[in-house]
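Would you mind keeping the following structure in view while I ask a few things?
The values are calculated or read from the model by the stated rules, or taken from the named source; none is laboratory data. Just so it is clear, the model here is predicted, and its values are computed rather than measured. So basically every Cβ, Gly included, is an ideal-geometry build from the backbone, and we count neighbours across all protein chains shown.
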Amino acid sequence: MSQSEVKKDQQLEDKEIPTKVTLIEEIRQRMGGGKKTADACIYKVPSKLRKVNEDAYNPRVVSIGPYHQENPDLVDAMKEHKWRYMISFLQQTNIPQESKECLECCVDAIYELCGEARQCYSETIKYNENELAKIMLLDGCFILELFVRCHANAEVNKDGQPDPVRKSAWLITALQHVLGLLENQIPFFILVRLYEIVKPRATKNYSVASLALKFFDPLSRKPRPDEKDQLETDFKHLLDLLHKFYFLTDVSVPSVVLNNITEEQTSSCLSEPDYTSSNKWGFKYCTSELLEAAIEFQIPAWDDNKLSNINFDNGVLSIPQLIITDASSSVLRNLIAFEQYGVSSTNGVSIPSAESHK
């Protein structure tokens, strides 16, 4: 064997060694510290749902979180607004030293939470720690500053110039859309931690949840809690907040919303349901068929009701009012996707939404 052939074989052998080591290391990492399914709460929308209405699940105007950072149309369009909002959020005081300390505390907090934040995504996040920290900090501050400005109804910047984001009605509607997308979320604990550090003076008595609910209002006629109430912070993300506030409840399923039940079980639309059956429940009859059966509809008083509190009593079907806009329609579709994909979610949205679309 010539010297050149020996050298070539040695080079091939050298290439094989790191490949084997890399493979073993990758498997070890997955065995020891792989993503736990229960930790993931931010998913990619399944293709079968996306095909129904692409626009309902795809972000427009701005990308939030890591999933759509590769789309230049989303990143470039709002890049300067994001940075401007982040700087404004971090500079709640005119004292330079306090602003510097605030920035350092926020950056430290984000780095501490990066590992936990990464586990919240069902898809593998290819960004390294520094890149992911930048995304979380920039997007988190942008969202919080947006909520603060909307709460204060502020339409000018600190320099007195008009805020192009707040002055644009279509842009606010578009932001309500994108912040309610399942794929466009960051963990709620990121928002809470940043807010706790900064504590904007104009909203220091309000919780992130209260500010968020006001921003998304109106999704329905359901009254929000007092804005000064310190709502719980046990939410996965903004979409989960909307899900729990508007829909999470024990649903009293009326007998007129049967689904997948045999004809013998439902000789009329008022048949009594078989609660022991393993069949799933849902809406079987559309609104026009119920009206033909002399069923009356009414809007109940809210009190503590949820949008999923549908009741049937003495021929009257009581359904909470739901306001359908471009933003709320998209939010509803993403809530359904969240329910269908979530590990421990309910069908609180799927049931009433199925009826409203018939």
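May I ask you to verify whether residue 103 is outside the structural domain of residue 193 (by TED's automatic domain parsing), modelled with pLDDT of 75 or more and more than 30 Å from residue 332 (Cα to Cα)? Even if it seems obvious, please write down each step before you answer.
On the way: outside the structural domain of residue 193 (by TED's automatic domain parsing): no; modelled with pLDDT of 75 or more: yes; more than 30 Å from residue 332 (Cα to Cα): yes.
Spelling it out, it is not the case that residue 103 is outside the structural domain of residue 193 (by TED's automatic domain parsing), modelled with pLDDT of 75 or more and more than 30 Å from residue 332 (Cα to Cα).
One residue is enough: does the range 106-115 have a residue meeting the conditions hydrophobic (A, V, I, L, M, F, W, C), touching a Leu at 6+ places or on another chain (Cβ under 7 Å) and under 26 Å from residue 338 (Cα atoms)?
Checking the range 106-115: at least one residue is hydrophobic (A, V, I, L, M, F, W, C), touching a Leu at 6+ places or on another chain (Cβ under 7 Å) and under 26 Å from residue 338 (Cα atoms).
Then there is this: Please list, ordered by first then second residue, the pairs with beta carbon atoms under 8 Å, 6 or more apart or interchain, first in the range 37-60 and more than 22 Å from residue 71 (Cα to Cα), second of a type in the set (S, T, N, Q) and surrounded by fewer than 10 Cβ atoms within 10 Å (Cβ to Cβ).
Taking only residues 6 or more apart or on different chains, the pairs are 38/344.
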